[in-house]
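Would you mind keeping the following structure in view while I ask a few things?
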Amino acid sequence: MSVMPRPSVLSVEPYVGGESKVPGVNRVIKLSSNEGAFGPPPGAIQAIAEAAKEAHRYPDGGATALREAIGARFGLDPARIVCGNGSDEILAMLILAYGGEGTELVMSAHGFMMYDLTGRWAGCRVIKVPEKNLTADVDGLLAAVGPRTRLMFLANPNNPTGSILPQSEMERLRRNLREDVLLVLDSAYAEYVTRPDYDAGAKLVDAGGGNTVMTRTFSKIYGLGGMRLGWCYAPPAIVDVLGRVRGPFNVNSAAMVAGIAALSEPGWVEKSVAHNTEWRGKVTDALTAAGLKVWPSEGNFVLVDFGDAARAKAADAHLRSRGLIVRAMGGYGLAQTLRVTIGTAEECTLVVEALTEFARGR
Ligand code: PMP
């Protein structure tokens, strides 16, 4: 006899991410994890160095100063904010508290992978709802809710498709969802959205029902992926539940001060959004002109569609030989695509050149 985990755990493949080396290539350009194009905000770097001097102290378990800074920045009540070791941890806490064996979790077919993996860790049955044009289908999501459904996850904009639902559709989803199903609106890429008919989710959390949570991250626009910092805004009863399943010191001291500094870095978000909008457009246009299909994106990445898996694989190899790491999407059932993060102007130019070369068969 040997020790065995719950069977659902063995159904999950270990997550591989953050790869930053290509054998035989000296200079690697990493455009595979949707990290911020400009690195960490300078104020955050300084704050992390300061925090190191107090590294022997446990952090503030309640993350009070950070929650206050987030509240002030976004116009939200700090008492309704919970912070996590990345928003991944918040997703996991919600699944731990509301899901588990015998329950169902509903998500869009190409929704963010961690909903599926974390759901399976916890023993939930994960239901993936077909999309229309790689966009979440509200009617399909609602129809998938059954007696055992306890959780629904939706990233808006979605990673990896880049697609978005307008506010009217999000409202329709919330209004028609059974109130004993927790709706998790993952707004990791909210800052990058340029469409006017969009709200990151706070309005939906407060619209009633008490079953909606908005999650956010410092890993994308705030350039702090390595600090692992995320947060959510939730109704009071859900904040109470999260307090019960949260580890005692789940956010480390460096992450907390880095987050606070990032929020007050002058012009950071504006500069990052302007850059992303410009280069997301330029990359999309250039690759389209080269004959490639690029799915419209509201995030800091684009999904490039090569039509079939073999061609996508060849394109990936071509990029790697030039030190360009992008994300192959086979794990999402999108093996015909590669996801390319919008990096600096130079990085975008290099990836466009390499893919144009590939598309022209050179
Ligand atoms: N949600 C979505 C949609 C994401 O793309 C990501 C990052 N890949 C996350 C959540 C997790 O972000 P974090 O770094 O805050 O855990």
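Each reported figure results from applying straightforward, stated rules to the coordinates on display, with no laboratory input. None of the values given here were measured: they were computed from a predicted structure. With ideal geometry, Cβ positions are generated from the backbone for all residues, glycine too; neighbour counts draw on all protein chains shown.
Using Cβ contacts closer than 10 Å as the measure, can you line up THR161, THR341, THR194, THR284 from fewest to most? Intermediate results must be reported in sequence, preceding the final value.
Working: THR161 30, THR341 26, THR194 12, THR284 20.
Exposure proxy ranking, most exposed first: THR194, THR284, THR341, THR161.
So what's the projected area for the stretch 127-171, the Cα convex hull averaged over all directions, in nm²? Provide the component values of the computation, followed by the final result.
Values: hull surface 13.3 nm².
Here the figure is 3.3 nm², rounded to one decimal.
For a distance above 15 Å, tell me the whole-number percent of Cα pairs in the stretch 166-219 that qualify. List each step's numbers first, then the result.
Working: 642 of 1431 pairs.
When every Cα pair of the stretch 166-219 is considered, 45 percent fall beyond 15 Å.
Around GLN167, under 11 Å between beta carbons, what's the net of Lys plus Arg minus Asp minus Glu among the other residues?
Details: positive: ARG172, ARG174, ARG195, LYS203; negative: GLU169, GLU171, ASP197, ASP199.
With Lys, Arg at +1 and Asp, Glu at -1, the neighbours total 0.
State which stretch of the chain is the longest one without any exposed GluC sites (Glu not before Pro), exposure meaning a DSSP loop state and at most 16 other Cβ atoms within 10 Å. Write down the numbers at each step before the final one.
Numbers: sites that count: GLU19, GLU54, GLU101, GLU179.
Longest stretch, sites excluded: 180-362.
Something else about it: For Cα pairs less than 8 Å apart in space and 6+ apart in sequence, what is the mean separation divided by the residue count of the stretch 184-259, i.e. the relative contact order in percent? Could the numbers behind the result be given before it?
Working: 89 pairs, mean separation 21.2, N = 76.
Computed over the stretch 184-259, the figure is 28 percent.
While we're here: Which number comes out as Rg/Rh for the stretch 203-362 once both Rg and the Kirkwood Rh are worked out on C-alpha atoms?
Radius of gyration relative to Kirkwood radius: 1.07.
Moving to a separate point now. Give me the base-10 log of I(q)/I(0) for the stretch 140-232 at each q in 0.11, 0.17, 0.20, 0.21 Å⁻¹, Debye formula, one uniform scatterer per Cα, rounded to two decimals.
Relative scattering, expressed as log10 I(q)/I(0), comes to -0.32, -0.74, -0.98, -1.06.
Right, another one. Put a dot 7 Å past each Cα toward the Cβ at ALA314 and LYS53; how far apart are the dots in nm?
Reported label-point gap for LYS53 and ALA314 is 5.9 nm.
Counting only other residues whose beta carbon sits under 9 Å from that of VAL82, what net charge do I get with K and R as +1, D and E as -1? Could you put the intermediate results ahead of the total?
Numbers: positive: ARG67, ARG80, ARG246; negative: none.
Counting the neighbours of VAL82, the net charge comes to +3.
With an 8 Å cut-off on Cα pairs and a minimum separation of 6 or more residues, tell me the relative contact order of the stretch 116-198 in percent. All intermediate terms of the calculation are to be shown ahead of the outcome.
Working: 81 pairs, mean separation 24.7, N = 83.
Reported as a whole number, the value is 30 percent.
When the gyration tensor of the stretch 207-272 is built from Cα positions, what are the square roots of 5 times its three eigenvalues, in whole Å, from largest to smallest?
Numbers: eigenvalues 125, 56, 15 Å².
Over the Cα atoms of the stretch 207-272, the ellipsoid semi-axes are 25, 17, 9 Å.
Follow-up question, since we're still on this one. Expressed in nm², what is the orientationally averaged projection area of the convex hull enclosing the Cα positions of the chain? Could the numbers behind the result be given before it?
Numbers: hull surface 79.4 nm².
Mean projected area for the chain: 19.8 nm², to one decimal.
Pick from ALA188, ALA328, ALA52: which is most flexible by mean-square fluctuation in a GNM of the chain where alpha carbon atoms under 10 Å apart are linked?
In the Gaussian network model the winner is ALA52.
How would LYS220, LYS132, LYS53 line up from fewest to most surrounding beta-carbon atoms within 10 angstrom?
On the way: LYS220 27, LYS132 11, LYS53 8.
Least crowded to most crowded, the residues run LYS53, LYS132, LYS220.
Please check: in the Gaussian network model of the chain (C-alpha springs, under 10 Å), which one of ASP60, ASP197, ASP77 has the largest mean-square fluctuation.
Result for the chain, Cα springs under 10 Å: ASP197 fluctuates most.
Next question, about the same structure. Would you mind checking LYS128/LYS220; LYS128/LYS293; LYS53/LYS203 for any pair whose Cα atoms are more than 32 angstrom apart? Could the numbers behind the result be given before it?
On the way: LYS128/LYS220 26 Å; LYS128/LYS293 25 Å; LYS53/LYS203 40 Å.
LYS53/LYS203, as the Cα separations exceed 32 Å there.
Got a sec? How would HIS110, HIS56, HIS275, HIS318 order by Cβ neighbour count within 10 Å, fewest to most? The partial results should precede the final answer.
On the way: HIS110 24, HIS56 5, HIS275 19, HIS318 16.
Least crowded to most crowded, the residues run HIS56, HIS318, HIS275, HIS110.
Follow-up. In vacuum, with every alpha carbon of the stretch 276-334 counted as one equal point scatterer, what does the Debye formula give for log10 I(q)/I(0) at q = 0.15, 0.17 Å⁻¹? Two decimals, please.
-0.46, -0.60
Name the residue, out of SER33, SER108, SER11, whose mean-square fluctuation peaks in a Gaussian network model built on the chain with Cα pairs under 10 Å.
Largest GNM mean-square fluctuation: SER11.
In square nanometres, what is the average projected area of the Cα convex hull of the stretch 45-127?
On the way: hull surface 31.0 nm².
Reported value for the Cα convex hull: 7.7 nm².
How charged is the neighbourhood of SER20? Take every other residue with its Cβ under 13 Å from the Cβ of SER20, and add Lys/Arg as +1 and Asp/Glu as -1.
With Lys, Arg at +1 and Asp, Glu at -1, the neighbours total +3.
Percent relative contact order of the chain, based on C-alpha pairs within less than 8 angstrom and at least six residues apart? Show your work: numbers first, answer last.
On the way: 695 pairs, mean separation 84.1, N = 362.
Relative CO of the chain lands at 23 percent.
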